[in-house]
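Take a look at the structure below.
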């Protein structure tokens with residue numbers, strides 16, 4: 001084999017070995033996320049939670065509050081996006097009232113649905129998606145993790161091969 005081609009092959013093998021041993025980066029360092037409080041409100045004559053849908057981290061708190069609204073509201077966990085009733089097992093702010101201050105801390109990952117019991121039939125509903133900020137991303141779930149080192153190895157091999165002096169055969 002010619003020396004430049006051998007050099008390029010050795011370089012490719014080395015880069016692929018390093019890439020296969022590399023550990024993928026995690027979404028973020030474990031334990032670095034501080035709990036946050038998110039607000040959900042109702043104003044005036046509205047029969048709408050604002051915002052209705054949230055994405056939060058595990059350990060965060062959602063603060064439901066409204067004051068002196070024209071209609072009485074409450075907030076209660078429901079079993080699904082379609083449900084119009086309190087699920088009987090989750091959290092509930094109590095009876096409907098024109099003024100509510102209610103906190104829920106989410107310690108479990110998943111999607112949680114909620115309603116205003118008097119107005120669920122009118123679509124006064126919402127959802128909270130809870131994610132684990134300390135969950136790491138594996139190489140299998142990160143598209144392109146292996147692809148990038150292979151491309152880098154191929155480019156490096158091409159550069160090495162193109163810079164090698166070429167011999168011309170005498171005819």
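What follows is calculated from the coordinates using simple rules that are stated; it is not laboratory data. Just so you know, these numbers come straight off a predicted model, no measurement behind them. All Cβ positions, even for glycine, are placed from backbone atoms using ideal geometry, and neighbour counts span all protein chains on display.
The label point for residue 122 and the one for residue 89, both projected 7 Å from the Cα toward the Cβ, are 3.0 nm apart. Short to long, the 10 Å bins of the Cα pair-distance histogram for segment 37-131 hold 19, 55, 25, 1 percent of all pairs. Here the label points at residue 81 and residue 38, each 7 Å from Cα along the C-beta direction, are separated by 1.5 nm in the simple model. May I ask you to derive the FRET efficiency for residue 45 and residue 135 from their Cβ-Cβ distance with R0 = 35 Å, giving the value to the nearest 0.05? So, using R0 = 35 Å, E works out to roughly 0.25.
A simple spin-label model places pseudo-atoms 7 Å from Cα toward Cβ; at residue 55 and residue 98 they are separated by 3.8 nm.
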